[in-house]
1. List pairs: first in region 229-250 and touching a residue at least 12 places away in the same chain (Cβ under 8 Å), second part of a helix (DSSP H, G or I) and β-branched (Val, Ile, Thr), Cβ under 8 Å, 6+ apart or cross-chain?
2. How many residues does region 187-205 hold that are touching a residue at least 12 places away in the same chain (Cβ under 8 Å) and either charged (D, E, K, R) or open to solvent by 40 Å² or more (accessible area, probe 1.4 Å) (or both)?
3. Just to verify a result, which residue in region 241-260, among those that are more than 13 Å from the chain's Cα centre (by Cα) and among the hydrophobic types (A, V, I, L, M, F, W, C), is modelled with the lowest pLDDT?
4. Identify all residues within region 225-240 that are surrounded by 14 or more Cβ atoms within 10 Å (Cβ to Cβ) and of a type in the set (A, V, I, L, M); write none if there are none.
5. When you go through 136, 123 one by one, which is the residue that is at pLDDT 95 or above, surrounded by fewer than 15 Cβ atoms within 10 Å (Cβ to Cβ) and of a type in the set (A, V, I, L, M)?
6. Go through region 144-186 and give me each residue that's among the β-branched types (Val, Ile, Thr) and crowded, with 22+ Cβ neighbours inside 10 Å.
7. Can you find even one residue in region 83-103 that is in a loop (DSSP other than H, G, I, E, B), at pLDDT below 95 and over 29 Å from residue 252 (Cβ atoms)?
Amino acid sequence: MQKKLSDKDGQSADKIKAPTEDAARALLRAAAEGIVGAVPVGGLLVGLYRVTHPTKFDQDRSIWEEAVSRKANEHDERLRNIEQSGSEKITVQGETAILCKELAERCPDGMRTALYQMQDISAWHPEIDQEVLEDAVYELKSLGLIDLTQMLNSGWRFRLSDGFYEQFDWQIMGWSTITDALSLAEMMLKHDTGDARELHAMTDWLNRRFNPALAHLLPLVPDGLIRKVLDADYITRGICITPEVRASLRRFLKKAPQGN
């Protein structure tokens, strides 16, 4: 039987709590409305009173409904972003394509931890002029495929972005990050687990393949449900499987782009 992450592991600091009505307050209000209703045109006065003086419960419920709507919209936006990232294919050529092949094949674990500098990429292809290689690096930066940081000595270093794996692994490594993410989503629903080690054990993938697929699913999950404990093997220890997460995974399986 697969182990399910405990709810304690995924508690969110901004959890939305449904409002409850105060019984004593409701009784006092009912008495006030009864008095108003006893006089001529009382029905009209009661209606006006309810509009101009909403109950505490009605006020709380309105705030709660707005919070729920806002959260739902946030999750919809996350889903749209992940769907769009899979549908927009990027093509590179020349030295940029050569650099992409080296970066994909040399990435050790798919966790975006490896950092690269000019001396690193120059050593891979010393026959290519450094200025040309630097142009290739900045082309990848402009496409959002690497995260580049300028250093104090005027140099730079960069790491791969999640989008890099989604764009190039299916061409260079022979597997599709998006298709693998769909497979992981199916496993999570079938076995009711978001634990990274348990999910990895269900595949025959190297960490290099598993981590980008798991990372692809994280935008579907509220931050409070992602286990952010540092792990040497996985991008995250896992996620807590809740009704909200299951709904997001089902939607992803239904709407996410198929294939590459």
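The values are calculated or read from the model by the stated rules, or taken from the named source; none is laboratory data. This one's a predicted model, so the numbers in the text were calculated from it and none came from an experiment. No Cβ is skipped: glycine too gets one built from the backbone with ideal geometry, and neighbour counts run over all protein chains shown. Side chains included, ligands, DNA and RNA excluded: accessible areas come from the protein's heavy atoms. Shrake-Rupley method; radii C 1.70, N 1.55, O 1.52, S 1.80 Å.
1. 239/245
2. Keep residues of region 187-205 that are touching a residue at least 12 places away in the same chain (Cβ under 8 Å), which gives 187-189, 191-200, 202-203, 205.
Filter again for either charged (D, E, K, R) or open to solvent by 40 Å² or more (accessible area, probe 1.4 Å) (or both), leaving 189, 191-192, 195, 197-198, 202.
Looking only at that region, the number is 7.
3. So, considering only residues that are more than 13 Å from the chain's Cα centre (by Cα) and among the hydrophobic types (A, V, I, L, M, F, W, C), the one modelled with the lowest pLDDT is 256.
4. Within region 225-240, the subset surrounded by 14 or more Cβ atoms within 10 Å (Cβ to Cβ) is 225-227, 231, 234-240.
Matches in region 225-240: 225, 226, 235, 239.
5. Working: 136 fails: surrounded by fewer than 15 Cβ atoms within 10 Å (Cβ to Cβ).
Of 136, 123, the one residue that is at pLDDT 95 or above, surrounded by fewer than 15 Cβ atoms within 10 Å (Cβ to Cβ) and of a type in the set (A, V, I, L, M) is 123.
6. Passing the criteria: 146, 177, 178.
7. The initial filter retains those residues of region 83-103 that are in a loop (DSSP other than H, G, I, E, B), namely 88-93.
After this cut, where a residue has to be at pLDDT below 95 as well, the list is 88-93.
With over 29 Å from residue 252 (Cβ atoms) added as a condition, the list becomes 93.
Yes.
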